[in-house]
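Here the structure is laid out as structure tokens; the discussion comes afterwards.
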Amino acid sequence: MDFKVREVVPHGRNYALLRMMPVKGEMPEVEPGQFVQVEIPNSKSTYLRRPISINWADRREMWLLVRRAGAGTNALCDLPEGSRLSIILPLGRGFDLSVRGNVLLVGGGVGTAPLLMLGKRLVTLGVDVKFLLGARTTSDLLQLELFKQTGETRVTTEDGSMGHRGLVTDHPLLTDGEIDHIACCGPLPMMKAVAAIARSRGISCEVSLENMMACGIGACLCCVEDTVDAGNVCVCKEGPVFNIKRLKW
Amino acid sequence: MDFKVREVVPHGRNYALLRMMPVKGEMPEVEPGQFVQVEIPNSKSTYLRRPISINWADRREMWLLVRRAGAGTNALCDLPEGSRLSIILPLGRGFDLSVRGNVLLVGGGVGTAPLLMLGKRLVTLGVDVKFLLGARTTSDLLQLELFKQTGETRVTTEDGSMGHRGLVTDHPLLTDGEIDHIACCGPLPMMKAVAAIARSRGISCEVSLENMMACGIGACLCCVEDTVDAGNVCVCKEGPVFNIKRLKW
Amino acid sequence: MVDLSVDLGNGLRMKNPVMLASGTCGYGEELADFIDLSSLGGISVKGTTLHARQGNASPRMVETPSGMLNAVGLQNKGVDYFVENIYPRIASLDTSLVVNVSGSSVDDYVAVCDRLRPLDRIAAVEINISCPNVKQGGMSFGTDPSMAAAVVVAARQIWSRHLMVKLTPNVTDITLIARAVEEAGADSVSLTNTFLGMAIDVERQRPYLSTITGGLSGAAIRPIAVRMVWQVSQAVRIPVVGLGGITCGRDAVEFLLAGASAVQIGTANFIDPTTSVKAIAYIEDYMERHNMADMSAITGAMKTP
Amino acid sequence: MVDLSVDLGNGLRMKNPVMLASGTCGYGEELADFIDLSSLGGISVKGTTLHARQGNASPRMVETPSGMLNAVGLQNKGVDYFVENIYPRIASLDTSLVVNVSGSSVDDYVAVCDRLRPLDRIAAVEINISCPNVKQGGMSFGTDPSMAAAVVVAARQIWSRHLMVKLTPNVTDITLIARAVEEAGADSVSLTNTFLGMAIDVERQRPYLSTITGGLSGAAIRPIAVRMVWQVSQAVRIPVVGLGGITCGRDAVEFLLAGASAVQIGTANFIDPTTSVKAIAYIEDYMERHNMADMSAITGAMKTP
């Protein structure tokens, strides 16, 4: 469906938050962890849509938090306000909302984006939510205030410029904290490390994968992940969120 | 060199006037009839630059009058003000400025663009300039006031909505007027018809060709026109303006 | 009124000339959320092999200028699974069903066709001798006229319904392959499959694809595909189905004018899942504007100097 | 410091691996307003034939997705005019001069090379057996290993300096052609020339090009060209010069990593005449960042899984 970009808010040099509304009608129902496929209207070197996780959405509005990773995402971050975007949504399966007890949401870099909506939703469901957000340095820690408003938030930076120095996997909250469930989104090495800790501690854990995608609707079979139960499955259709029980990590 | 678009003025539904200035430094010296190669910054389906004749230029500013003919020119007409453009200029050879006596400038559609600058230049050289401008209908007659300010201006429209009904080649000014030289720019069939009249009346005549062009600098040999004296020559380098004596029309 | 229906012979009649290309629409179901499948001329479902295939390792895709490279490698659950689980779901679709058949040996192709015989809603098989992403068979059959003919002769023995052969563009003279499969008994040819290409991540100094090379598709290669369709349509008497970089109705018309009797929409489904239905509307409008009463008026209508 | 110089053998030493591709830079002069030609590794000047050629009729060009089709048809004033009028103007250029040689018969190629012998500033000829836009000769020599070899053997007889052969991509297996010309005595191969394609103006129902088909170039076909350079560089021992859709320094590095010892910039000159000098700067910076001391460190440095 067609969206109108209401606001493009730069977050540091490398990110921008795009706030948009449907040109007509209401937003469809969106689950935390689902993503969208955005057509890039103004980039000469972009052919396919770009899959982007939903940062926040209600019945009126949707937020996409975009990292400048190439020509396509640069074009999005440089969109003039008022631009129109053709977007396919909502796509994929989100995070498990039936989790209860102490839930830790672990995010790295721009991977924190879907955790904002997830955290807010879980809180409304009466779940005790804590955030553990990691980044290279302070300027890569995005929407920190929004996370703090939602729940207890711990931070790690590789350069120690804020919070605990090091990686999220070094943080006692993850290594020793009392946790019933982990939801994780970030760079692949980080997610694998978090999954390893979850396994060793016997904690259930979900991760959100980012395999290279063409269609986003399960037609091209390009973004497959090898699973224990079903072999190669489409991340865009069966995921992007997977319980690590299904993965061969 | 890089230009900054100061203003994009729509002319009816199918045209726009782009007013631009160099980002740094002065405009190079430009001759009436020369053209530029514009890189299209915001069109997914445009690969090559677009050759566009210079409508007007001084040491500070340049005007390009653009007709919506496809994705590339549409993207130009839709540029937000303040946009930057990479432009190669000035290219090609312009009109003969040594002409004297009664000079008739015949233009059709957007082909009238280079005649504005030519007419103004010839007037400063003391030449008696008349304009004969043809179009399908009134809304395709561009910059009429500017032409009238420059010299006596006659108009033909195919639907008779303004001026003489019919084609420029039906106008008595061209068929019977006292003319020493004709400079013509417009659709190919029109230029060929004007050239035929010029030949039959023994009037010297220049036309500005628009053969499909890739490089605009004489490197690709794609835009050649067959000449009496030198066979195939590059319109972009030897032209775009040719005296009809050289052409095999 | 324009009659968009097209008869490709031997039982493959379609309500219009627009099909979904194999490997870009799953079994049609993936696109059902976006378009009414019954509005399509036909669907060529995912490449089917005798035994289940996991396909190639990831990454399987990389974007290129106006195109993409893929290295899926015929991932599918095998013909028996198709017969038992998928066919029953799609058999009721009101569009011509074509099954794309791949194999690593002549016997494979024959065995798959044999399993498909009981499925009376399958109007045609599309013998894929042009997949660039499998080690054995695939493209190797499609680059040699005699091997291509051998596959078709064998499949022809046990498949009496429409037999379409999907050709690879990675050859010196595609008309030789087209003539060979025509003489071997093919009812039609579809072209082109993807072009063998590769792309390198220069900072990591590694190929983007796990298989190093993959199949290039998308608008980038359309001019080559149109040329091949034009050549082949003059070289054979059987109908030609054109594909390769069709992104809109105009592109589809370009293939029809070049000599195609029908077209397939492939990679464009990934960018706009409604491309096919938009193309059908465009073709109808185009034919009306140009006073073309039926498909015979547009196929091969390009005027040459 | 990075050493960008490259020695392609038999006297063709270049200060860096970036050349201008034949047919996209005239005789260098057309680009002299935009770049310092002496900063280039080399220039392959316009395809030269025994007799003057007017080339094909207009239109000769049409834009395609991320590329263009051309049908120039080797327009040039003939080798004698080159020797007498053009060579004296460019002989003093401080860059390696290569003359692209075309013909419609083996004797043509030989005769042109013979006329070029006295010009001691010509470091190499680039035997063009891959032009898609001429009726006789051209591509037909490049699609058959024995014909390709015959041209090279004959030219080799009278041309003792560096002999480069420009290959066509319009073949089933380009390594067969490459091996054939290597055995025939070629000092290097350059690939790829353009891909045979066509495009149709659907409203006029006519081909855009006067010749119906033309040569496709530009970023669109880069993935295919990179794949072929990678294959050929493993199949032959002589150096490979890579071209086909290079638009920037990154693209040039992609070809080098795939196995090219040097690259040629072609269609990109039409969009940005400074592409070549920007690419040289990029390559130097890239090699510094990756601790590559000289060209032997980057050529073929792609790591395979």
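The values are calculated or read from the model by the stated rules, or taken from the named source; none is laboratory data. Only a predicted model underlies this, so the values are computations on that prediction, with no experimental measurement involved. Glycine also receives a Cβ, built like all others from the backbone with ideal geometry; neighbour counts cover every protein chain displayed.
Taking region B:169-190 as the range and being aliphatic (A, V, I, L, M) and more than 17 Å from residue B:96 (Cα to Cα) as the test, the residues that pass are B:173, B:174, B:188, B:190. Of all the listed residues (B:24, B:44), the sole one being under 27 Å from residue C:65 (Cβ atoms) and more than 20 Å from the chain's Cα centre (by Cα) is B:44. Among residues of region D:25-39 that are of a type in the set (Gly, Ala, Ser), those with a Cβ under 8 angstrom from a residue that is surrounded by fewer than 16 Cβ atoms within 10 Å (Cβ to Cβ), sequence gap 6+ or separate chain, pair up as D:38/D:94. Confirm whether residue D:63 is over 19 Å from the mean Cα position of the chain (by Cα) and under 30 Å from residue C:268 (Cβ atoms). So residue D:63 passes the test.
Please determine whether any residue of region D:58-75 is out of contact with any Gly (no Cβ under 9 Å at 6 or more places or on another chain), within 30 Å of residue D:199 (Cβ to Cβ) and either without any contact (Cβ under 8 Å) to a residue 24 or more places away in the chain or surrounded by fewer than 24 Cβ atoms within 10 Å (Cβ to Cβ) (or both).
The answer is yes; a qualifying residue exists.
Residues that are over 28 Å from residue A:51 (Cβ atoms), in contact with a strand residue (DSSP E or B) (Cβ under 6 Å, 6 or more places away or on another chain) and not small (Gly, Ala, Ser): does region C:72-82 have at least one? Break it down stepwise before answering.
Initially, region C:72-82 is screened for residues over 28 Å from residue A:51 (Cβ atoms), giving C:78-82.
From the residues that got through so far, the ones that are in contact with a strand residue (DSSP E or B) (Cβ under 6 Å, 6 or more places away or on another chain) too are C:79, C:82.
The next check asks that each one be not small (Gly, Ala, Ser); those that pass are C:79, C:82.
Yes, region C:72-82 contains a residue that is over 28 Å from residue A:51 (Cβ atoms), in contact with a strand residue (DSSP E or B) (Cβ under 6 Å, 6 or more places away or on another chain) and not small (Gly, Ala, Ser).
Counting the residues of region A:36-50 that are outside any loop (DSSP other than H, G, I, E, B), in contact with a helix residue (DSSP H, G or I) (Cβ under 8 Å, 6 or more places away or on another chain) and hydrophobic (A, V, I, L, M, F, W, C) gives 1.
Taking helices (runs of 4 or more DSSP H) as the structural unit, those lying wholly within region C:70-146 and holding at least 1 residues that are within 14 Å of the chain's Cα centre (by Cα) correspond to C:139-142.
Looking across region B:92-114, the residues that are outside any strand (DSSP E or B), in contact (Cβ under 8 Å) with a residue 24 or more places away in the chain and not charged (D, E, K, R) come down to B:92, B:94, B:95, B:97, B:99, B:101, B:109, B:110, B:111, B:112, B:113, B:114. Taken as a whole, region B:115-125 holds no residue that is in a strand (DSSP E or B) and either modelled with pLDDT under 95 or more than 22 Å from residue B:202 (Cα to Cα) (or both).
Of the helices (runs of 4 or more DSSP H) entirely within region C:193-304, those holding at least 2 residues that are within 12 Å of chain D (Cβ to nearest Cβ) occupy C:222-235, C:249-258, C:275-289.
Taking region D:156-185 as the range and being assigned to a loop (DSSP other than H, G, I, E, B), touching a residue at least 60 places away in the same chain (Cβ under 8 Å) and among the charged types (D, E, K, R) as the test, only D:161 passes. From the list B:65, B:76, B:132, the one residue that fits, being away from every other protein chain (no Cβ under 14 Å), hydrophobic (A, V, I, L, M, F, W, C) and either crowded, with 24+ Cβ neighbours inside 10 Å or not in a strand (DSSP E or B) (or both), is B:132.
For region D:11-28, name all the residues that are crowded, with 20+ Cβ neighbours inside 10 Å and part of a loop (DSSP other than H, G, I, E, B).
D:12, D:16, D:17, D:21, D:22, D:23, D:24, D:25, D:26, D:27, D:28
Taking every residue in region A:35-59 that is within 11 Å of chain B (Cβ to nearest Cβ) and within 14 Å of residue A:87 (Cα to Cα) and pairing it with any residue that is crowded, with 22+ Cβ neighbours inside 10 Å and of a type in the set (Ser, Thr, Tyr), at least 6 positions away or on another chain, the pairs with Cβ-Cβ distances below 6 Å are A:40/A:46. Checking each residue in region B:224-249 for being acidic (Asp, Glu) and in contact with a helix residue (DSSP H, G or I) (Cβ under 9 Å, 6 or more places away or on another chain) picks out B:225, B:229, B:238. Residues that are under 18 Å from residue B:213 (Cα atoms) and among the aliphatic types (A, V, I, L, M) were ranked within region D:199-218; the one that is surrounded by the most Cβ atoms within 10 Å (Cβ to Cβ) is D:216. Within region C:21-74, the residues that satisfy the criterion of being more than 8 Å from every other protein chain (Cβ to nearest Cβ) and acidic (Asp, Glu) are C:29, C:36. Residue count for region D:143-161 satisfying the condition of being within 14 Å of chain C (Cβ to nearest Cβ) and either touching a strand residue (DSSP E or B) at 6+ places or on another chain (Cβ under 8 Å) or of a type in the set (Lys, Arg) (or both): 1. Checking each residue in region B:137-173 for being farther than 28 Å from residue B:212 by Cβ, of a type in the set (A, V, I, L, M) and touching a residue at least 24 places away in the same chain (Cβ under 8 Å) picks out B:146, B:162, B:173. I want to confirm something. Restricting to region A:197-249 and keeping residues that are among the charged types (D, E, K, R), closer than 20 Å to residue A:171 by Cβ and surrounded by fewer than 20 Cβ atoms within 10 Å (Cβ to Cβ), which single residue is farthest from the other protein chains (Cβ to nearest Cβ)? This residue is A:201. When residue B:85 is tested against the conditions (1) assigned to a strand (DSSP E or B); (2) not assigned by TED's automatic domain parsing to the domain that holds residue B:42, the lone failure is (2). How many residues, within region D:176-200, are more than 21 Å from residue D:255 (Cβ to Cβ) and hydroxyl-bearing (Ser, Thr, Tyr)? Here the count works out to 0.
Can you say whether residue B:138 is within 21 Å of the chain's Cα centre (by Cα), within 23 Å of residue B:66 (Cβ to Cβ) and either surrounded by 15 or more Cβ atoms within 10 Å (Cβ to Cβ) or charged (D, E, K, R) (or both), as far as the supplied structure shows? Spelling it out, residue B:138 is indeed within 21 Å of the chain's Cα centre (by Cα), within 23 Å of residue B:66 (Cβ to Cβ) and either surrounded by 15 or more Cβ atoms within 10 Å (Cβ to Cβ) or charged (D, E, K, R) (or both).
Every condition in (1) within 16 Å of the chain's Cα centre (by Cα); (2) crowded, with 24+ Cβ neighbours inside 10 Å is met by residue C:31 except one, and the failing one is (1).
For residue B:180, are the conditions met, namely being farther than 20 Å from residue B:208 by Cβ and either surrounded by fewer than 21 Cβ atoms within 10 Å (Cβ to Cβ) or hydroxyl-bearing (Ser, Thr, Tyr) (or both)? So residue B:180 does not fit the description; no.
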